[in-house]
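A short write-up of the structure that comes next.
Where a number appears in this text, it was derived from the coordinates with a stated rule and is not lab data. Fair warning: this is a prediction, and the values are worked out from it, not measured in the lab. A quick note on method: Cβ atoms are made from the backbone with ideal geometry, for glycine too, and the neighbour counts reach across all protein chains shown.
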Amino acid sequence: MDTFIFIFLAVLTIGSGLGMVLNKNTVNSALFLVLNMVSIAGIYLLLQAQFLALIQILVYAGAIMVLFLFVIMLLNLDDEKSLFNKMRAKYVFAFFLGVITLSLILYSLEGVADLLPEISPEMETAGTVEALGDVLYTDYLFAFEMTAILLTAAVVGALMIAQYKKSNNGASE
Amino acid sequence: MIEIDWYLALSAVLFTIGLIGVLIRRNAIVIFMCVELMLNAVNLTLISFSSYHGDVTGQILVFFSLAVAAAEAVIGLAIILAIFRNNISVDITKVNLLRW
């Protein structure tokens, strides 16, 4: 049963990833990415990482993708006329680079399962909120607080970058 | 139980799709989404190793990488917005102010 769910989710993930890359309409690309995030969250559930599956849906498929869609609709972009027009050499090069990267990664994966111990009984409980919270708020408390500062800095920085400076614009005209 | 190899192979394929997307697309926002896809692929690797080891540390790392990804998305979209406002384009081939 697990195998069938995994195959279904893997096909969904790869298909929506390809759909995102090959779609001319930016909004459709973003919606494909939402589908991709949700199916990756399903795979996290298969891996017994319940907390991160939830966070994946809340943060990625929820917050980040809403931000993306908001910006796309704010910019009011037209469809790209064609993905493959000129500079064909670039696409061939990109494709071959992708194939080389994929084969390198897959080659390095050979025998990686033998390096791991047998599936430990802790796997069932490793991904629960209790287990993560126990470690997060003791051993990694400092890093957690730094994350809060990072997010605050990101919000302030984004406001600084994106704000519309009326006075500057007037001076340049 | 599924072998860990399958999760890692899926992650490698997703990473490659993201990489090719970054290389062939010209729309800055789509390139940005491809970067998010690559980040997700790496997160998947971390979680599968963490799960198969029964060790929660890998999932903590994914938690922090999610926070960094959120910060990165906010800043990146702000930069794209600022470029669009000044240059009226999100086509990265037209953003060549720093080209010599």
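Spacing of the modelled spin labels on residue A:63 and residue A:160, each 7 Å from Cα toward Cβ, amounts to 2.1 nm.
Cβ-Cβ distance of residue B:98 and residue A:28, R₀ of 25 Å, FRET efficiency by 1/(1 + (r/R0)^6): the value works out to about 0.20.
Helices assigned as whole DSSP H runs in chain A whose Cα atoms extend at least 20 Å along their own long axis and whose mean Kyte-Doolittle hydropathy is 0.0 or higher are found at A:2-22, A:26-46, A:88-108, A:141-162. Counting only other chain Cβ atoms within 10 Å of each residue's Cβ, the peptide B:78-88 averages 4.
The fraction of Cα-Cα pairs per 10 angstrom bin, counted from 0 for chain B, comes to 15, 35, 29, 15, 6, 0 percent, rounded to whole percents. Using the alpha-carbon atoms, what tilt in degrees (0 to 90, nearest 10) does helix B:28-53 show relative to the longest principal axis of chain B? Approximately 10 degrees, to the nearest 10.
Could you compute the FRET efficiency for residue B:26 and residue A:110, with r as their C-beta to C-beta distance and R0 at 45 Å, rounded to 0.05? Taking R0 as 45 Å, the efficiency between residue B:26 and residue A:110 is 0.80.
Taking chain A as a Gaussian network of alpha-carbon nodes connected by springs under 10 Å, the highest mean-square fluctuation of the residues A:163, A:48, A:56 belongs to A:163. The value for the protein assembly as shown of Rg(Cα) / (2.2 N^0.38 Å) is 1.09. Only one residue of A:60, A:48, A:74 has its Cα farthest out toward the positive end of the dipole of the stretch A:1-88, where Lys and Arg carry +1 and Asp and Glu -1 on Cβ, and that residue is A:74. For the stretch B:51-100 and the stretch A:1-48, what is the separation of their C-alpha centers, rounded to whole Å? Centre-to-centre (Cα) distance: 20 Å.
With angles folded into 0 to 90 degrees, how steeply does helix B:57-87 sit against the dominant principal axis of chain B? Use alpha carbons for both and round to 10. That works out to roughly 10 degrees.
When chain B is described by a simple charge dipole with +1 on each Lys and Arg Cβ and -1 on each Asp and Glu Cβ, the residue from B:10, B:42, B:92 located farthest towards its positive end is B:92. The mean number of partner chain beta-carbon atoms within 10 angstrom of a residue's beta-carbon across peptide B:3-15 is 6.
In this calculation the C-beta distance from residue A:50 to residue B:88 is compared with R0 = 51 Å, giving a FRET efficiency of 0.65.
Given +1 at the Cβ of Lys and Arg, -1 at the Cβ of Asp and Glu and no other charges, the dipole of the protein assembly as shown around its Cα centre is 1940 debye to the nearest 20. Dividing the helix sum by the residues of chain A, where each DSSP H run of 4 or more adds -39500 (n - 2.57), gives a mean residue ellipticity at 222 nm of -22500 deg cm²/dmol. Averaged over A:32-44, how many beta carbons belonging to a partner chain fall within 10 Å of each residue's beta carbon? Across the residues of A:32-44, the mean count of other-chain Cβ atoms within 10 Å is 3.
Considering only the Cα atoms of the stretch A:1-102, their convex hull presents on average a projected area of 8.0 nm². May I ask for the angle, rounded to the nearest 10°, between helix B:4-24 and the longest principal axis of chain B, with both axes built from Cα atoms and the value confined to 0 to 90°? For B:4-24 against chain B, the angle is about 10 degrees. Is the stretch B:56-100 best put as rounded, prolate or oblate by its Cα gyration tensor, with a ≥ b ≥ c the root eigenvalues, rounded for a/c under 1.5, and otherwise prolate when a/b is larger than b/c, oblate when not? Prolate. Packing, as the average of other Cβ atoms within 10 Å across residues, places the peptides A:1-8, B:20-27 in the order B:20-27, A:1-8, highest first. Under the convention that each Lys and Arg Cβ holds +1 and each Asp and Glu Cβ holds -1, the size of the dipole of chain B around its Cα centre is about 660 debye.
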